[in-house]
Amino acid sequence: MNTHNVKTAASESSKTWVEQINTRNISPRLAEEMRFLASLCDKEKRMLHSERLELIDGAGHHIAALVCRSVTD
């Protein structure tokens, strides 16, 4: 098995997945934050593991805050 093809396929699929996130009917700020969170799955972006985890945590908290502000009773 050619490992180069496997790496390329995984990279392409994560990029495609980020582009296909359905952001219709949500605020532009929430949509951007969701795309940013999904982009952190791209292993081609070189960063420390702890840095990636910190960004994921921050994005998750920001998304939660945006959703809480948009929900009405």
If a residue must be in a helix (DSSP H, G or I) and surrounded by 13 or more Cβ atoms within 10 Å (Cβ to Cβ), how many such residues does the stretch 33-58 contain?
11
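This table checks each residue for (1) polar (S, T, N, Q); (2) touching a strand residue (DSSP E or B) at 6+ places or on another chain (Cβ under 8 Å); (3) modelled with pLDDT of 55 or more.
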site: T3; (1), (2), (3): yes, no, no
site: K7; (1), (2), (3): no, no, no
site: Q20; (1), (2), (3): yes, no, yes
site: S27; (1), (2), (3): yes, no, yes
site: L30; (1), (2), (3): no, no, yes
site: R35; (1), (2), (3): no, no, yes
site: A38; (1), (2), (3): no, no, yes
site: R46; (1), (2), (3): no, no, yes
Test result for L66, over 14 Å from the mean Cα position of the chain (by Cα) and touching a residue at least 12 places away in the same chain (Cβ under 8 Å)
yes
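The values are calculated or read from the model by the stated rules, or taken from the named source; none is laboratory data. Here the structure is a predicted model, which is why all the values come from computation and not from measurement. We place every Cβ from the backbone using ideal geometry, glycine too, and count neighbours over all the protein chains shown.
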